[in-house]
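Participant: The structure that follows is given in the form of structure tokens.
The values are calculated or read from the model by the stated rules, or taken from the named source; none is laboratory data. If you're wondering where the values come from, they're calculated on a predicted model, not measured in any experiment. Glycine also receives a Cβ, built like all others from the backbone with ideal geometry; neighbour counts cover every protein chain displayed.
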Amino acid sequence: MNNALIFIIDTIFDIVCFLFLARLILQICRADFYNPISQGIVKATDPVLKPLRALIPGYRNLDVASLLVAWLIKVIAFAVLFTLDSGTMPGILYLLVRGLFDVLSLLLTIYWFALIFVIVLSFLAPATYHPGTVLLRQVTEPILAPARRLVPSLGGLDFSPILVFMALILARDFLLPELFAALLSWT
């Protein structure tokens, strides 16, 4: 029963964190905020972000408040889950570093899945203008465009997502854990 409770709590925290990271991604990519999906994300996150933005302004198109809230959600989630699982509470520095690791890992995972959806949709429904499809294209285009300059299309096939997948997986599975271990060694 304890594993099921941990799974449910972890999933709820991930969904809430996803909303704030989605808001961050939408702003960084300058996605269409009149898109109905964007409006739903804004409506869900505004009660927390509006008062926080009075204290923490953004920097250019980086929504610092969204990033901070996502980080705090991951810190709280790890603290709750660790306490439920082991009955003890980890140190605050460990929690802060672990929260940062979890936020960055989730951010890279979001982009990984967004790329999968864009690729599948480009084969199944290439000319669709569904709000979700449009939003996914707007979000993934900033990371695909540099890869397209490096890997030209061959016979109408775009192989640039392979390069982006490799970079995302390398960052999430190899670089991020090494960075996390290095940060923990300083604490």
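Participant: Of the residues Leu93, Leu72, only one is under 29 Å from Asn2 (Cα atoms), loosely packed, with under 15 Cβ neighbours inside 10 Å and in contact (Cβ under 8 Å) with a residue 12 or more places away in the chain; which?
Facilitator: Leu93
Okay, residues lined up against (1) in a loop (DSSP other than H, G, I, E, B); (2) farther than 26 Å from Leu184 by Cα; (3) under 15 Å from the mean Cα position of the chain (by Cα):
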{"site": "Met89", "(1), (2), (3)": "yes, no, no"}
{"site": "Leu135", "(1), (2), (3)": "no, yes, yes"}
{"site": "Ala147", "(1), (2), (3)": "no, yes, no"}
{"site": "Pro161", "(1), (2), (3)": "no, yes, no"}
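Participant: Continuing with the same structure: So which residues in segment 26-70 are assigned to a helix (DSSP H, G or I), modelled with pLDDT under 90 and basic (Lys, Arg), if there are any at all?
Facilitator: Result: Arg53, single match.
Participant: Scan segment 1-42 residue by residue and report those that are buried (at least 18 other Cβ atoms within 10 Å of the Cβ), over 15 Å from Val139 (Cα atoms) and in contact with a Leu (Cβ under 7 Å, 6 or more places away or on another chain).
Facilitator: Cys17
Participant: Can you pull out the residues in segment 97-144 that are under 15 Å from Ala22 (Cα atoms), in contact with a Lys or Arg (Cβ under 7 Å, 6 or more places away or on another chain) and of a type in the set (A, V, I, L, M, F, W, C)?
Facilitator: Within segment 97-144, Val103, Leu108 meet the criteria.
Participant: Moving on. Just checking, how many residues over segment 140-149 are surrounded by 10 or more Cβ atoms within 10 Å (Cβ to Cβ) and farther than 18 Å from Phe113 by Cβ?
Facilitator: Total satisfying the criteria: 3.
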